[in-house]
Amino acid sequence: MLRISDLTVRFGETTVLNAIDLEVREGEFLALVGPSGSGKTTLLRTVAGFEEANRGTIRLRDQVIVQDRQSTPPERRHVGMVFQDYALFPHLSVRENVAFGVLRSREKKDIVERALASVEMSRWIDSMPHELSGGQQQRIALARALASEPRMILLDEPFSNLDPALRTQVRADVRRILRDAGVTAMLVTHDQEEALSIADRVAVLLHGEIAQIGTPREVYHTPNSKAVGSFVGDAEFLDGIVRSGGLETDLGIIPIAGSLPEGMKATAMIRPEMVMLKSETGSSAERLHVQHSEFFGRDQRVVLQHHSGSSIVARVPSETIYRPGEDVAVRFTHPAHVLPER
């Protein structure tokens, strides 16, 4: 569907994207995540035609839209765009906003009505943008993108202006709408939870390069580096040596996934949710010192330190109170993912 090869973009002397290779499959929802300055928005805007490449090729189905410094104008790429601020025209009605990019005048009325029906906004067809909530405006922006019957839709931080409670519902609705329409989509977001919850695959950009791409479960549970593991979710990393099927660390023997050679140096990734705590003494459990805890309602974040100086974080149910200064027994719910020493 979309194939990007050796894409390099520079702003002055700064290389923002470095030799990017990426493929988005037909009907797929791909999320691009990365810290500020990683190049994810630049990649999206280059596909849309708003930024120029210095080198590389972008092919959308059978059309080459970028070949080094030669590029197809944005309006001829058949790509829809949903911006962070929705970019609705305040002086135009919902009907007029959605119709703005529709070129076939004879069918415009039917196209607009179908697009609004697909996002369940038909009853607001004659409303003005200021009369709509943020979630409704987001739906109208999506309807306008769908109305042009694009080959692909690009979404640039489309949920960031919504309240947290509304954001969860709206992003689920958008995912359903795009799936029902069979539209290929690429989303840029700084919210890892958002990417993991709605994307078919996630591409992690670090320093202008794709560090890893895979399903949400692959990227979260089996990152290929500390950088990816620590960016996508919370994680602590413990160095050790493989002993008797586990990893010998400052915290004792940690169970690990897979089979590694005895005596090999490696690093275990510990996610907070895989740490279990018990106040009572357990002969087979390592005991750690509670430094502090943070209450989040449904759960709590507990920071723990071993007498060796190593520390880990646990995310556990909030019913039990863990007080600074007490010692707790630590067990792990499942084997840790291991990164070989590099």
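For the reader, a short list of remarks on this structure follows.
- Residues in segment 306-342 that are within 24 Å of K265 (Cα to Cα), surrounded by 14 or more Cβ atoms within 10 Å (Cβ to Cβ) and of a type outside the set (F, W, Y): 12 in all.
- A single entry from L162, L146, L142 fulfils the requirement of being farther than 20 Å from P90 by Cβ and either surrounded by fewer than 18 Cβ atoms within 10 Å (Cβ to Cβ) or under 23 Å from the mean Cα position of the chain (by Cα) (or both): L146.
- Evaluated against (1) buried (at least 17 other Cβ atoms within 10 Å of the Cβ); (2) in contact with a Lys or Arg (Cβ under 6 Å, 6 or more places away or on another chain); (3) not in a loop (DSSP other than H, G, I, E, B), F237 falls short on exactly one condition, (1).
Okay, residues lined up against (1) among the hydroxyl-bearing types (S, T, Y); (2) surrounded by 15 or more Cβ atoms within 10 Å (Cβ to Cβ); (3) not assigned by TED's automatic domain parsing to the domain that holds D191:
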residue	(1), (2), (3)
I213	no, yes, no
Y220	yes, yes, no
L260	no, yes, yes
A266	no, yes, yes
M276	no, no, yes
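- Within segment 46-91, the residues that satisfy the criterion of being without any contact (Cβ under 8 Å) to a residue 24 or more places away in the chain and surrounded by 13 or more Cβ atoms within 10 Å (Cβ to Cβ) are V64, I65, Q67, D68, S71, T72.
- Selection within segment 36-75 - at pLDDT below 90 and not in a loop (DSSP other than H, G, I, E, B): E75
- The criterion of at least 1 residues that are touching a helix residue (DSSP H, G or I) at 6+ places or on another chain (Cβ under 9 Å) is met, among strands (runs of 3 or more DSSP E) falling completely within segment 241-337, by 265-270, 299-305, 311-317, 327-332.
- Residue under evaluation A165, criteria (1) among the aliphatic types (A, V, I, L, M); (2) touching a helix residue (DSSP H, G or I) at 6+ places or on another chain (Cβ under 9 Å); (3) without any contact (Cβ under 8 Å) to a residue 12 or more places away in the chain, criterion not met: (2)
The values are calculated or read from the model by the stated rules, or taken from the named source; none is laboratory data. The model shown is predicted, which means the values in this text are computed figures rather than measured ones. Every residue, glycine as well, gets a Cβ built from its backbone with ideal geometry; the counts of neighbours run over all protein chains shown.
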